[in-house]
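The values are calculated or read from the model by the stated rules, or taken from the named source; none is laboratory data. For clarity, every value in this text was computed on a predicted model and none was experimentally measured. Every residue, glycine as well, gets a Cβ built from its backbone with ideal geometry; the counts of neighbours run over all protein chains shown.
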Amino acid sequence: MQRLRTFLDHHCDNEAVTDIIDGLMVACKDITHQLHLGSLAGILGSAEQENVQGECQKKLDVISNDLIKDTLANIDAVKGIASEEEDEPVACNANGDYLVLFDPLDGSSNIDVNVTVGTIFSILKAAPGSDAASQQAYLQAGTEQVAAGYVLYGPSTLLVLTVGKGVFSFTLDPRDGEFFLQRENIQIPAQTQEFAINMSNQRFWLPQMQNYVGDLLQGEEGPLGKRYNMRWIASMVAEIHRILTRGGIFMYPYDNRDPSKPGKLRLMYEGNPMSMLVEQAGGKASTAFENIMSVQPEGIHQRVSVVMGSADEVATAEKYHA
Ligand code: AHG
Ligand code: MN
Ligand code: MN
Ligand code: MN
């Protein structure tokens, strides 16, 4: 059984990125511990304040953001951070070369019901001389990511990671606090019979998306010619983990509930890192019109339409939008 640090020392030829990932896991182990204690640690419920996204923060959104922020600020290689829960980026170490963007707690509506949540992260190289306290330094397309991953806090805690050479997963052994290599070179099957979308938003989608999902629902009697099953956990980490395990298509598409926002999910903290993982595993990640990682970001909290997972199914969804 290979330890995470040993794996990174062999697999990742970038010492700074190794240090960042290894260091980040200290915070994620702490989050695991808080989640296991649950109400005993007083972490459930609302923080009764809004974040910059206009969402009501959960206590654990704030706690996990603070844990990750403090941990990253103490890693020399980290020049700056940007988070779903922070209004503006935060400069860390002037001599650092890397920027870390994160969703400290994904799926936070699930905390109080004791269902899977996660942490998502994306690592970018800072341009020489860039100002890590300004958004501009972070506005790089997803194709520029040097590493991305998520930690899933479920029945077990898992790290799923790419440094641009395939996707690997690790299981946390709670007995000694070490992550051990679980699956190597994870591949997403090209075809699937499982889709994930929040159907309650159907009337707000583009007509193209309504047609596509309508055809999925028709099963073997429709033009797609096969029967589909549906899942919705409301935690992107859990949905993408299922897709990396057995295939599937995950969608949080454009909708017109709020015309100022092209979708719900955040490009920099959710769309890009998950796209890198999915593409590194042989899948596809699209807005339904173009690759998510080709989108040039204009703001760190920018939203994006998401259609990702099994390559052939995502290609079919794109055809409905062509
Ligand atoms: P977050 O908890 O980080 O704000 O993200 C929640 C996201 C994502 O994980 C999930 O797929 C989606 O929001 C669920 O949204 P709905 O509640 O609209 O289904
Ligand atoms: Mn949120
Ligand atoms: Mn999220
Ligand atoms: Mn979140």
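A residue that is of a type outside the set (D, E, K, R), within 16 Å of Gly80 (Cα to Cα) and either under 15 Å from the mean Cα position of the chain (by Cα) or in the same structural domain as Leu267 (by TED's automatic domain parsing) (or both) occurs somewhere in the stretch 126-145. Here Gly80 clears all of (1) more than 20 Å from Asn272 (Cα to Cα); (2) more than 16 Å from ligand 3 (Cβ to nearest atom) except the condition numbered (1).
When Val90, Val62, Val52, Val26 are checked against the criterion of being aliphatic (A, V, I, L, M), within 16 Å of ligand 3 (Cβ to nearest atom), at pLDDT 95 or above and surrounded by fewer than 20 Cβ atoms within 10 Å (Cβ to Cβ), a single residue qualifies: Val62. Residue pairs whose Cβ atoms lie under 8 Å apart, separated by 6 or more positions or on different chains, with the first residue in the stretch 306-317 and at positive phi and the second of a type in the set (Lys, Arg), are Gly309/Lys284. Looking across the stretch 192-233, the residues that are away from ligand 2 (no atom under 16 Å from the Cβ), surrounded by 13 or more Cβ atoms within 10 Å (Cβ to Cβ), among the polar types (S, T, N, Q) and touching a residue at least 12 places away in the same chain (Cβ under 8 Å) come down to Thr192, Gln193, Asn201, Gln208, Asn211. Just one of (1) in a loop (DSSP other than H, G, I, E, B); (2) more than 16 Å from ligand 3 (Cβ to nearest atom) fails for Ile233. It is (2). Looking at the stretch 296-307, can you tell me whether even one residue there is among the small types (Gly, Ala, Ser) and buried (at least 21 other Cβ atoms within 10 Å of the Cβ)? Yes; the residues of the stretch 296-307 include at least one that is among the small types (Gly, Ala, Ser) and buried (at least 21 other Cβ atoms within 10 Å of the Cβ). Only one of the numbered conditions (1) surrounded by fewer than 18 Cβ atoms within 10 Å (Cβ to Cβ); (2) part of a loop (DSSP other than H, G, I, E, B) is not met by Ile43, and that is (1).
When we screen Leu99, Leu72, Leu67 for residues that are more than 15 Å from ligand 2 (Cβ to nearest atom), under 18 Å from Pro273 (Cα atoms), of a type outside the set (Phe, Trp, Tyr) and in a helix (DSSP H, G or I), the only hit is Leu72. Restricting attention to the stretch 6-17, the residues that are surrounded by 15 or more Cβ atoms within 10 Å (Cβ to Cβ) and more than 19 Å from the chain's Cα centre (by Cα) add up to 6. Just the residues that are more than 21 Å from Leu172 (Cα to Cα), under 22 Å from the mean Cα position of the chain (by Cα) and among the acidic types (Asp, Glu), please, taken from the stretch 28-79. Glu50, Glu55, Asp61, Asp66, Asp70, listed by residue number. Considered as a group, the residues in the stretch 98-118 that are away from ligand 4 (no atom under 16 Å from the Cβ) and under 19 Å from Gly149 (Cβ atoms) include one that is nearest to the chain's Cα centre (by Cα), and that residue is Leu99. Selection of the stretch 170-191 for residues being surrounded by 13 or more Cβ atoms within 10 Å (Cβ to Cβ), out of contact with any Asp or Glu (no Cβ under 7 Å at 6 or more places or on another chain) and touching a residue at least 24 places away in the same chain (Cβ under 8 Å) yields Phe170, Leu172, Pro174, Glu178, Phe179, Leu181, Gln182, Ile186, Gln187, Ile188, Pro189. Cβ separations smaller than 7 Å between residues 6+ apart or across chains give the following pairs from the stretch 141-165 residues that are more than 16 Å from Leu244 (Cβ to Cβ) and modelled with pLDDT of 95 or more to residues that are of a type in the set (Lys, Arg) and surrounded by fewer than 23 Cβ atoms within 10 Å (Cβ to Cβ): Val146/Lys125.
Quickly run through the stretch 257-285 and pick out the residues that are touching a residue at least 60 places away in the same chain (Cβ under 8 Å) and not in a helix (DSSP H, G or I). Within the stretch 257-285, Arg266, Ala281, Gly282, Gly283 qualify. When Leu277, Leu224, Leu244 are checked against the criterion of being more than 14 Å from the chain's Cα centre (by Cα) and under 19 Å from Gln191 (Cα atoms), a single residue qualifies: Leu224. Of the set (1) within 16 Å of ligand 4 (Cβ to nearest atom); (2) among the aromatic types (Phe, Trp, Tyr); (3) touching a helix residue (DSSP H, G or I) at 6+ places or on another chain (Cβ under 9 Å), all apply to Tyr269 but (3).
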